[in-house]
Amino acid sequence: MNTKRSLLFTMGAGIVSSAFAQSTSSTPPKQKGPLVWLDMDQAELDASYDQSVYAPNIRQIQSRYASNSDITRSRLGNPKRFAYGPTPIEGLDVYLCDRPKAPINIFIHGGAWRSGLAKNFGFKAETFVNAGAHFVVPDFINAFESGGDLMPMIDQVRRAVAWVYKNASSFNGDPNKIYLSGHSSGGHLAGVTLVTNWKKDYDLPMDIIKGGLLCSGMYDLKPVRLSARSSYVKFTDSMEDALSTQRHLEFLNTPIIVAHGNLETPDFQRQSRDFAKAVKDMGKPVDYIVGQNYNHFEMPETIANPYGLLGKLVLKQMKLT
């Protein structure tokens, strides 16, 4: 009986192995299409600007952003809400510390320019509040609401920063100690904000921002324009140029940290790497950080820990350690 059972098992295993070999050998290798950007064809470029392809736990992490923000508010209390402009979306959350004339960190959230709310990014607040800084998260329009135009989005982010500078004293903040951070499409918007001509466009000092943390952002929109993101962003030549931070580094007036995870999409990694090099080549202060074993959505969670990869660095940048 045992011999017969062994024989049947062996025969069965052989059948499975044979079928598996046939299925794999009959699958033709993927044919690479015409190159669209660097060494990538259209499918590869589209995947490189679609984080879900490289981060299968995206939904879990984004849900964690929201639930951890609720937990943070249960400990710190609700933030103060201020309007920085006339439309309903133009508001910002301020998580207050108890330090007089405290420094301020403004965080610009991501969401592929098409989603995200300030309330779901409060989970980082304790890093700053416990260290003696205010933490600000503005809301702003998304690409669907703007009809595919990114210009209203950057206009709102810039006006939010200008409002914080002008009104810092109203919540016991120091207008001379404003720092800016951002992640993903928020890293892109933060980068563009850092190269604003504040004097010309807002009649403000050119150095109103004293330091920047740009995590997993985009700094030249040419490859993004060639990707599937053009299905919902109506790129134009003028938009591409105006919102490509790397093309306007003459207006960068503050030290920055540029960071990404080594598990991010290839072109997101290249964007940060090339941008940091361009800043360094201009002789401007930049720290380039690669988070080992972090994907795109896990990187900003390290800000929520004062001993985490980015939490420690941003507090050091703000001279809070």
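The values are calculated or read from the model by the stated rules, or taken from the named source; none is laboratory data. Keep in mind that this is a model prediction, so the values were computed, not measured. Cβ atoms come from the backbone with ideal geometry, glycine included; neighbour counts cover every protein chain shown. Accessible surface areas use protein heavy atoms only, side chains included; no ligands, DNA or RNA. Shrake-Rupley method; radii C 1.70, N 1.55, O 1.52, S 1.80 Å.
Descriptive notes on the structure:
- Accessible surface for segment 95-134, divided over its residues, is 32 Å² per residue with a 1.4 Å probe.
- Ranked packing of 41-51, 180-190, most packed first, by mean Cβ within 10 Å: 180-190, 41-51
- For segment 256-270, the Karplus equation 6.51 cos²θ - 1.76 cosθ + 1.60, evaluated at θ = phi - 60°, returns couplings of 9, 10, 10, 9, 7, x, 7, 9, 7, 5, x, 7, 5, 5, 5 Hz by residue, with Gly and Pro reported as x.
- Gyration tensor (alpha-carbon) shape descriptor, segment 212-297, a/c threshold 1.5: oblate
- A 1.4 Å probe run over segment 219-321, with the rest of the protein chains in place, finds 45 Å² accessible per residue.
- Order by protection proxy (mean Cβ within 10 Å, highest first), peptides 218-226, 170-178: 218-226, 170-178
- Angle in degrees between helix 58-76 and the longest Cα principal axis of the chain, rounded to the nearest 10: 40 degrees
- With an a/c value of 1.5 or above and a/b not larger than b/c for the gyration tensor axes a ≥ b ≥ c computed over the alpha-carbon atoms, segment 225-264 is described as oblate.
- Per the Debye calculation on the chain with a single equal scatterer at every Cα and no solvent contribution, log₁₀ I(q)/I(0) for q = 0.07, 0.09, 0.11, 0.16 Å⁻¹ amounts to -0.32, -0.48, -0.67, -1.38.
- Residue-wise HN-Hα coupling along segment 95-101, computed from phi with Karplus coefficients 6.51, -1.76, 1.60 (Hz; x: Gly, Pro): 8, 9, 9, 9, 8, x, 6
- Taken about its Cα centre, segment 245-321 carries a charge dipole of about 280 debye when Lys and Arg each add +1 at the Cβ and Asp and Glu each add -1 at the Cβ.
- Highest-MSF residue in the chain out of 311, 111, 283 [GNM, Cα springs under 10 Å]: 283
- Most mobile of 272, 74, 146 in a GNM of the chain (Cα contacts under 10 Å): 74
- Accessible surface of segment 256-298 [probe 1.4 Å, protein heavy atoms]: carbon and sulfur percent: 51 percent
- Within-15-Å neighbourhood charge of residue 102 [Cβ basis; K, R +1; D, E -1]: +3
- Heavy-atom surface analysis with a 1.4 Å probe gives segment 95-199 a carbon and sulfur content of 47 percent of its accessible area.
- Of all the options 155, 287, 39, the one that moves most in a Gaussian network model of the chain with Cα springs shorter than 10 angstrom is 39.
- Scanning residues 5 or more positions from residue 37 or on other chains, none has an amide H under 5 Å from its amide H, with H placed 1.01 Å from N in the peptide plane.
- Pairwise FRET efficiency - residue 101 versus residue 249, Cβ, R0 = 51 Å, nearest 0.05: 0.95
- Folded to 0 to 90 degrees: helix 2-25 orientation relative to the chain principal axis, Cα: 60 degrees
- Cβ-Cβ FRET estimate between residue 230 and residue 280, R0 fixed at 30 Å, reported to 0.05: 0.50
- Seen from every direction in turn and averaged, the convex hull around the alpha carbons of segment 67-210 projects onto 8.0 nm².
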